[in-house]
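Below you'll find the structure, written out as structure tokens, and then a few comments.
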Amino acid sequence: MKLLFVADPLESFKIYKDTTFAMMREAQKRGHQVVACQMTDVRWQQGEAVSAHVREIRLTGDATHWFTETSTSRSALKDFDAVIMRTDPPFDSEYFYATHLLSQAEREGARVFNSPAALRNHPEKLAIMEFPQFIAPTLVTRNQADIREFHATHGAIILKPLDGMGGTGIFKVGADGLNLGVIIETLNQGGTQTVMVQKFLPGIAQGDKRVLLIGGKPVPFCLARIPQGGEVRGNLAAGGKGVAQPISARDREIAETLGPILFARGLMLVGLDIIGDSLTEINVTSPTCFQEITDQMGCDVAALFMDAVEAALKS
């Protein structure tokens, strides 16, 4: 098969931990042709199919010069067996437009994972609100008075922007409300930006767990991202320590409830964030943690993903 990975620049990959690299490595291991591009390479011109300037590559096995470029071409996305969307957030206007180009490619016959429409319809922080039985007390608002009332009710809270990634822009406010006003002003920009507010979950001390769904089914191991050095954020990008572990009974309950629903909507790969017993985010743009789980637990997550892609293409 010929697989196109729409990703960030290959030269920026940290291959010791990069999930897209793990997917590519598994694809090549199975004899598939690996091709890559960035969203900046994609175009839709009148009278033409959606196409991209692509790079056919071969992985070398070298830790530094990890790929060689064997050819380049402009190719229609519909001519690939699968298009795997792996561009990192933020989900800004450019990302939104990208999903529309990919939707057009789908109409022309391309098979895109995750589905562009599903990416648009599942903003990673807001998506949890569909499943209130699994989440902690949560408020989404622009209104400062609403936030203050929520804080008065729940004590310590977490505030975060809806378009952040990697732990950026996340604030904790204690029960004393210290700095709550300035944090609201920073995040909601005078009422022009929507903010998510959640009751603070002490379980973060044991880690923000990334539970992966592949083809609607949970991977049996998760990665607990444990805050370090006085941080309240467990994100690896914010310095958290990743510790792989078996998923708990509660993790499995959440995953097995959401998995079939999200898969039916076109989400092949999903990363659920769970703190303690509460779902906090549903990540769909470019979920990670494949290599950390594989390295620590021996569970080949990239193989599970490629199995699911091959099965979907045969169905």
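Under a point spin-label approximation (7 Å from Cα along Cα-to-Cβ), what is the Asp146-Arg74 distance to one decimal in nm?
4.7
Would you kindly calculate the translational diffusion coefficient of the chain, applying Stokes-Einstein with the Kirkwood radius from alpha carbon pairs, for 20 °C and a viscosity of 1.002 mPa s, and quote it in µm² s⁻¹ without decimals?
Roughly 105 µm²/s, to the nearest whole number.
Cross-link partners among lysines for Lys217, C-alpha distance below 23 Å, same-chain residues fewer than 8 apart left out?
Straight-line reach from Lys217, under 23 Å: Lys17, Lys125, Lys209, Lys314.
With a 1.4 Å probe and all protein chains left in place, how much of the accessible area of the range 100-158 comes from carbon and sulfur atoms, in whole percent?
For the range 100-158, the apolar C and S fraction of the accessible surface comes to 49 percent.
Residues of the range 84-120 with amide nitrogen under 19 Å from the 7 Å Cα-to-Cβ point of Glu231?
89-90
Could you work out the helix-only [θ] at 222 nm for the chain, with each DSSP H run of four or more residues adding -39,500 (n - 2.57) and the total divided by the number of residues, to the nearest 500 deg cm²/dmol?
My calculation for the chain gives -8500 deg cm²/dmol from helical runs alone.
Within the range 247-272, what residues put their amide N at less than 19 Å from the label point 7 Å along the Cα-to-Cβ vector of Gln206?
From the range 247-272, the list is 247-256, 272.
So what is the accessible area of the range 30-87 per residue, in Å², with the probe set to 1.4 Å?
Heavy-atom SASA per residue in the range 30-87 reads 52 Å².
Net charge near Ala156: determine it from the other residues with C-beta under 13 Å of the C-beta of Ala156, scoring Lys and Arg +1 and Asp and Glu -1.
Computed value for this residue: +1.
Suppose R0 equals 30 Å. What FRET efficiency, 1/(1 + (r/R0)^6) with r the Cβ-Cβ distance, do Arg250 and Ala311 give to the nearest 0.05?
Efficiency at R0 = 30 Å is approximately 0.60.
Rounded if a/c is under 1.5, else prolate if a/b beats b/c, else oblate: with a ≥ b ≥ c from the C-alpha gyration tensor eigenvalues square-rooted, which is the range 1-126?
Oblate is the answer for the range 1-126, as a/c is 1.5 or above yet b/c matches or exceeds a/b.
Pull out a ≥ b ≥ c, the square roots of the eigenvalues of the alpha-carbon gyration tensor of the range 184-224, then state rounded if a/c is under 1.5, prolate if not and a/b is larger than b/c, and oblate in the remaining case.
It comes out oblate by the Cα gyration axes.
Using label points projected 7 Å from each Cα along Cα→Cβ, tell me how many nm separate Trp44 and Gln296, to one decimal.
4.1
Hey, can you find the accessible area per residue of the range 129-255 for me, probe 1.4 Å, expressed in square angstrom?
Here the per-residue accessible area is 46 Å².
Taking all protein chains in place and a 1.4 Å probe, what share, in percent, of the accessible surface of the range 4-97 do carbon and sulfur account for?
Carbon with sulfur: 47 percent of the solvent-accessible area.
Assign one of three labels to the range 250-315, namely rounded, prolate or oblate, based on the Cα gyration tensor with a ≥ b ≥ c the square roots of its eigenvalues; rounded applies when a/c is under 1.5, prolate when it is not and a/b is larger than b/c, and oblate otherwise.
It comes out oblate by the Cα gyration axes.
Kindly work out what percent of the DSSP beta bridges joining two residues of the chain are antiparallel, to the nearest 5.
80
The values are calculated or read from the model by the stated rules, or taken from the named source; none is laboratory data. All values derive from a computational prediction rather than experimental measurement. Glycine gets a Cβ as well: all are built from the backbone with ideal geometry, and neighbour counts include every protein chain shown. We work out accessible area using only protein heavy atoms, side chains counted, and drop any ligands, DNA or RNA first. Shrake-Rupley method; radii C 1.70, N 1.55, O 1.52, S 1.80 Å.
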